[in-house]
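A.B. asks: Have a look at the structure that comes next, please.
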Amino acid sequence: MGRLKKLRNLIDSLKDKASLIKATLSITKCHASVNFAVLHATTHNPSPPSEKRLAAVLNFGNGSRLTACACIKVLMDRLHDTQSASVALKCLLTIHNVINRGSFILKDQLSFYPCSGGKNFLNLSNFRDNSDVETWELSNWVRWYAGLLEQSLMVSRVLGYYFCSCSYRVDNKDKEQKVLSLLNSELLKEINVLVDFTEKICEAPDSLHVNSLVFEVMRIVGEDFMLVQSEIFVRVVELGNRMESMICGTESTQFFNVLKRLEDCKERLNREDNDGFWDLIRQTKKKVLMVREKREEMRLVVVTMGHRDESVSESARVRKQIADSGQLFKSIEFK
């Protein structure tokens, strides 16, 4: 088994060298440099790309739109053409860095790739590397990570900005000002998609073989989760403040359900950090229940009073009929 693994590593190393040689022979200098940078960042070596290699790829977002487009195309082609779990994970990690640290033009090219078609652009739900047990387990991480990045872009589309981007790191006061202008339905939609992202994190594979590449993936995902908590926090506070005066019954039910889903995530994540966040979720859930119970009691009172009024009206109607009948008899006698 060890000899086979060494042979496979040698073959992978030769593949990387062959790809780099091919890249240097590219017709245009631009494509050659793009290919060279992407290949260096996504070798078969099962370790995360260095900061230098990632920076070289991100740098193509500082030039023309044509260069940024070429960069994303090469990166996506590399991702979809490979059968190596390590290469696929490194491509996804590079894409994640584009989302978090890349220039707007680079993220813009990524968001609209491909230009047409309705499928998820990463489309790795069937990815398998059956080379050995380790790569087979690593394939689980590839499929999960691809789905998480797709969900991250979905969140960004709904919010209208890249929530995890270094260029859009704002404090809670600015976020509070933004959410004040949103309708209840808009806030619920945003919280829903943020909780979808959190639930996707909970689906991370259980694996016995965790290498440095997986650790780096989890590190950067953990940073995103802290940002997601911040986004959820300000929206939950705002909807909680609107509970008694603005939220209707249907919306309060939706709000309670999404809070319940989020609280379930805490148990699955097995996280005890950021107690203030989880306390807010728990207390807001209680508040929603209290408001719903109060509204139900008021509804029952109104219904009961309505029945009483109907009963009183019916009695009055009967008495009037009897009185009218008496008048009729008197009229007949008089005649």
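Laboratory data are not the source of any read-out in this text; all were calculated from the coordinates shown. What you see is a predicted model, and the numbers here were worked out from it, not measured in a lab. Cβ placement follows ideal geometry from the backbone for every residue including glycine, while neighbour counts extend to all protein chains displayed.
A.B. asks: Would you kindly derive the ³J(HN,Hα) couplings of the range 223-233 from the backbone phi angles with the Karplus curve 6.51 cos²θ - 1.76 cosθ + 1.60 (θ = phi - 60°), listing them in order in whole Hz, with x for Gly and Pro?
C.D. replies: 5, 5, 4, 5, 5, 5, 4, 5, 5, 5, 3
A.B. asks: Find the Cα radius of gyration of the range 150-292, compare it with 2.2 N^0.38 Å by division, and give the number to two decimals.
C.D. replies: The value comes to 1.08.
A.B. asks: Per residue of the range 72-88, what does 6.51 cos²θ - 1.76 cosθ + 1.60 with θ = phi - 60° give for ³J(HN,Hα)? Whole Hz please, x for Gly and Pro, Karplus curve as stated.
C.D. replies: Going residue by residue, I get 5, 5, 5, 5, 5, 5, 4, 5, 7, 8, 7, 10, 9, 5, 5, 5, 4 Hz, with x marking Gly and Pro.
A.B. asks: I want to check the label-to-label distance for ASP108 and THR250. Put each point 7 Å from Cα in the C-beta direction and report it in nm to one decimal.
C.D. replies: Placing both labels 7 Å along Cα→Cβ, they lie 3.8 nm apart.
A.B. asks: Now, a different point. Given a cut-off of 28 Å, name the pairs among LYS107/LYS200; LYS90/LYS200; LYS73/LYS266 whose C-alpha atoms lie farther apart than that in the structure shown.
C.D. replies: Going by Cα-Cα distance, LYS73/LYS266 fall outside the 28 Å limit.
A.B. asks: I would also like to ask the following. Of ASN59, ALA70, PHE104, which is farthest on the positive side of the dipole of the range 30-133, counting Cα position, with +1 on Lys and Arg Cβ, -1 on Asp and Glu Cβ, and the Cα centre as origin?
C.D. replies: Comparing the listed Cα positions along the dipole, PHE104 ranks first.
A.B. asks: Give, as ranges by residue number, the residues of the range 218-248 whose backbone N falls under 20 Å from the point 7 Å along Cα→Cβ of LEU183.
C.D. replies: Counting only backbone N, you get 235-236, 238-248.
A.B. asks: While we're on this one: What whole number of Å gives the distance from the Cα centroid of the range 204-245 to the Cα centroid of the range 137-162?
C.D. replies: Centre-to-centre distance over Cα atoms comes out at 12 Å.
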